[in-house]
Structures are given as C-alpha cells and as structure tokens.
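The values are calculated or read from the model by the stated rules, or taken from the named source; none is laboratory data. For clarity, every value in this text was computed on a predicted model and none was experimentally measured. Note that we place each Cβ from the backbone using ideal geometry, even for glycine, and neighbour counts take in every protein chain shown.
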Protein chains: 2
Amino acid sequence: MPDTAAPSPASPSSPLDPAVAARLKRTADGLVPAIAQQYDTGEVLMLGWMDDEALHRTLTTGRCTYWSRSRGEYWVKGDTSGHVQHVKSVALDCDGDTLLVKVDQTGAACHTGDRTCFDADPLPLGP
Amino acid sequence: MPDTAAPSPASPSSPLDPAVAARLKRTADGLVPAIAQQYDTGEVLMLGWMDDEALHRTLTTGRCTYWSRSRGEYWVKGDTSGHVQHVKSVALDCDGDTLLVKVDQTGAACHTGDRTCFDADPLPLGP
C-alpha cells in the first residue's frame, strides 16, 4: 500500500485550480515531490519540489517550475543553464502526494553536466 | 541547479555502509524519497520513502523496502499484496537527497490495481 502524507491546506495565494489543490497532500512545508521524466526515452531525469504556485506555473506555462528549498525561490528549470524542460504531461499519484512530470529535456538535466541526476552514483548491491 | 536538503545525521542503529550514509541528505524526519522505476520499460511506478535501514535492506535483500510514514513501520513492497519489487539497481542523485531504484515489478505497483501510481490522474495543461 502506498504511503501517505498528512493533507495540508492549499496556498491561498495561488491561482492553481481548486479541484487540483484539494487533491494535493503536501509535506509540512507545503511541498510535493515532482519526478521529471524524459517523455520519450523514459529516463528519470531528476526530482524537484513544487508548491501550489510552482505546479500552477508548470501546468499553465509549459515550462517546468520548481520551488527551491535551498534558495527559497521559484526556479524555472533552464532559465540560467538553458537546459529547459518543456512539459508534455503532469500526473498526480494515487495518494495525491507525488507528481510525475513528463518533459522534453534540452541537454543535461543535471547541474554537473550529466544527462540525469542519477548517472554518477550507483550504489553497491548485495549482502 | 538542483535543490538540496540540509544534511542530517545518519541513523546510528543501521548497518548501512557508512560511506553511503555519509552521502545521504535526509529530510527533517530522516527520510529520502525513493523513485521506483520498472527497469526494462522505464515506467515510473511509485515514490516511497527510505531511512538508512530501509535503504540498507533494499541494497542487501534484493527486495524493495520502504519506511511507511503513515504506519510508522518498515514495509517490504509486496509482502501483503504479492506485488513484489525485485531490485535491479539503486542510484543516489547528485545532491544525495533522492534515490532511483530500478526494479522488476510483479503485477500492479499501485494499491488500486493500476500498473503505476500515476495512471489514474493526469492533470489538465494550458492557460
């Protein structure tokens, strides 16, 4: 059975569709993890965080927009690097606590220059 | 640039490899989000949460093991449902704050019976 987070109130300042906002279950800091996946190859590119406003912008602008926990600001992926994520689809999971964003990634998704943020560090398996 | 969470101390009770534990950046409650992806088709199946011990068990037993935030217990995926996740690979992302677990999923990943937890709820795009 999937895990669930406690529901938290919608951000009243966001114009996110109330029907969508009502289904979101956010962390204590009002965020939902968003998995970015390359729409055609299936590569998992990265995981970012969205609040209601970041999700609203992602749904309405066609550009993947996250909330940066470290910088405390909205972050339109690619605005600095040019490594834009064009949004193809967004889905909410069965619990309302995770987003899957299928994108067309320009260039590298990772700030290290790797295609994905998971390329560099495989962990050893086994007893 | 990817987002980062504050590092938190490793769970002292887990036998997780200290070299791996040192690279994990956990949420305030000691967890790291883990994306489960079907290893051959690329389907993103679900997102769960792991603490050090759940990651240790995932790496060493070959069965994907999560920490259930709602039930406050370890959860070996498929123990109840039979819908097991056999672990093919585990990778840590560039920030050390997200895991990508490639698995071979038996049957449905979602408790609703859907193949993935993202099948049921596409969100509308557009202004």
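See the values below:
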item	result
Residue within the stretch B:58-81 that is at the interface with chain A (Cβ under 10 Å from one of its Cβ atoms), among the small types (Gly, Ala, Ser) and assigned to a strand (DSSP E or B) present	yes
So residue B:58, is it at pLDDT 95 or above, in contact with a Cys (Cβ under 8 Å, 6 or more places away or on another chain), crowded, with 18+ Cβ neighbours inside 10 Å and under 27 Å from residue A:86 (Cα atoms)	no
The stretch A:59-74, residues that are under 17 Å from residue A:110 (Cβ atoms) and within 11 Å of the chain's Cα centre (by Cα)	A:64, A:66, A:68
Residue under evaluation residue B:118, criteria (1) touching a Gly at 6+ places or on another chain (Cβ under 8 Å); (2) buried (at least 17 other Cβ atoms within 10 Å of the Cβ), criterion not met	(1)
Any hit, the stretch A:83-93, residues being part of a loop (DSSP other than H, G, I, E, B), out of contact with any Leu (no Cβ under 9 Å at 6 or more places or on another chain), at negative phi and buried (at least 23 other Cβ atoms within 10 Å of the Cβ)	no
Residue count for the stretch A:10-43, restricted to those that are more than 9 Å from chain B (Cβ to nearest Cβ) and of a type in the set (Val, Ile, Thr)	1
Positions within the stretch A:26-55 being surrounded by fewer than 18 Cβ atoms within 10 Å (Cβ to Cβ) and over 25 Å from residue B:101 (Cβ atoms), in sequence order	A:30, A:53
Pick from the stretch A:97-116, criterion part of a loop (DSSP other than H, G, I, E, B), closer than 16 Å to residue A:35 by Cβ and more than 13 Å from the chain's Cα centre (by Cα), ranking: farthest from the other protein chains (Cβ to nearest Cβ)	A:115
